[in-house]
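The values are calculated or read from the model by the stated rules, or taken from the named source; none is laboratory data. All values derive from a computational prediction rather than experimental measurement. Counting neighbours? That spans all protein chains shown, and the Cβs are built from the backbone with ideal geometry, glycine included.
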Amino acid sequence: MNLKGLILAGTAALALSTAGSAEEAPTQTVEHVRGNLHVVFSPAGNVGISAGEDGVFLIDDQYAPMTEALKAAVAGVSTDPIRYVINTHFHGDHSGGNENLGKEGSVIVAHDNVRQRMKAGTFIEVFNMKTPPAVKAALPSVTFNSEMSLHLNADEARIIHFENAHTDGDSMVYFKETDVLYTGDVFFNGLYPFIDLKYGGSIGGMIAAVEKAAGMIGDTTKVVPGHGPVTDKAGLIAYGDFLKDTRDIIAGQKAAGKSLAEIVAMNPFAKYEGKVRGFNAEWKNQYAGFIYDSL
Ligand SMILES: [Zn+2]
């Protein structure tokens, strides 16, 4: 299996999300993707930027304390107003800036379930991350059920929902003219992914979403993951192969009657050591648990 696409390029520090790390001054690095599209790498994951004649459109917006740093990074590309923000899902590292940006006039767009989750408030045990019910300005005011398009900056941004993958409200954004796909957290490039089972995610849904997305794009499409470096269709397919292989490893052991603790003690993902990273030393075991509990 070709794992080149899974090897982390080592640019952005990718520690996800303890409340503590969110409050530290983040490092924001902007990379040009293609045409009028950019990506911001940060400790809270990747933000997409479309900038052009109609203003700025962001894909995700990090944690709330990072908004000023994010805006400074965006201003390096365009100082026009941030007119739209789409949240690829509800997690705080992708929607935490909504309140700040919403109060400044950005229209927030997301799948129906993102609004519901944010409105209710959430608790993610594995990160000990409690997010209270969102205020009105932070909630997506435009929601959709299956897919929708924004016609901006001489492109069509097709926003497509994928069911029960990383969460129950995941969207990807495909820019038709520029031929760039922003995947959100369905795709962790070079990292063992987080699968939010409590809020509707599943390993089967992750695999199905990656396969469907790979089927939508071409060999020269640029693919921007939710976390990790920019890649292409081959990188997305390699990640899908990794998801399937790790699922099969855990499924085989579970079918043989092994408990999760017994499976983890066997170091089931030894072959990925040095190739796929975790947020911390225990993360690969957490990932094994997400699969085990999904099956
Ligand atoms: Zn996420």
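Below, the figures for the structure above:
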read-out	value
Scope the stretch 122-133; condition of a type outside the set (F, W, Y) and in contact with a strand residue (DSSP E or B) (Cβ under 6 Å, 6 or more places away or on another chain); matching residues	T122, K130, T131
Flag for F162 being under 18 Å from A238 (Cβ atoms), among the aromatic types (F, W, Y) and buried (at least 24 other Cβ atoms within 10 Å of the Cβ)	no
Qualifying residue in the stretch 236-257 (condition: more than 15 Å from the chain's Cα centre (by Cα) and in a loop (DSSP other than H, G, I, E, B))	yes
Single residue of the stretch 12-50 satisfying the filter (in a helix (DSSP H, G or I) and within 16 Å of the ligand (Cβ to nearest atom)) that is modelled with the lowest pLDDT	A19
Output for the stretch 53-107, where each listed residue is small (G, A, S), surrounded by 19 or more Cβ atoms within 10 Å (Cβ to Cβ) and within 16 Å of the ligand (Cβ to nearest atom)	G92, S95, G96, G97
Condition met for G226 (in a helix (DSSP H, G or I), under 20 Å from N113 (Cα atoms), touching a residue at least 60 places away in the same chain (Cβ under 8 Å) and of a type outside the set (F, W, Y))	no
Check on K136, in contact with a strand residue (DSSP E or B) (Cβ under 9 Å, 6 or more places away or on another chain), surrounded by fewer than 21 Cβ atoms within 10 Å (Cβ to Cβ), more than 28 Å from A209 (Cβ to Cβ) and of a type in the set (K, R)	no
Selection count where residues are in a strand (DSSP E or B), farther than 17 Å from H94 by Cα and hydroxyl-bearing (S, T, Y), scope the stretch 168-190	1
Residue list for the stretch 211-223, filter: small (G, A, S) and outside any helix (DSSP H, G or I)	G218
Pick from the stretch 122-147, criterion modelled with pLDDT of 95 or more and either more than 18 Å from H94 (Cβ to Cβ) or acidic (D, E) (or both), ranking: farthest from the ligand (Cβ to nearest atom)	K136
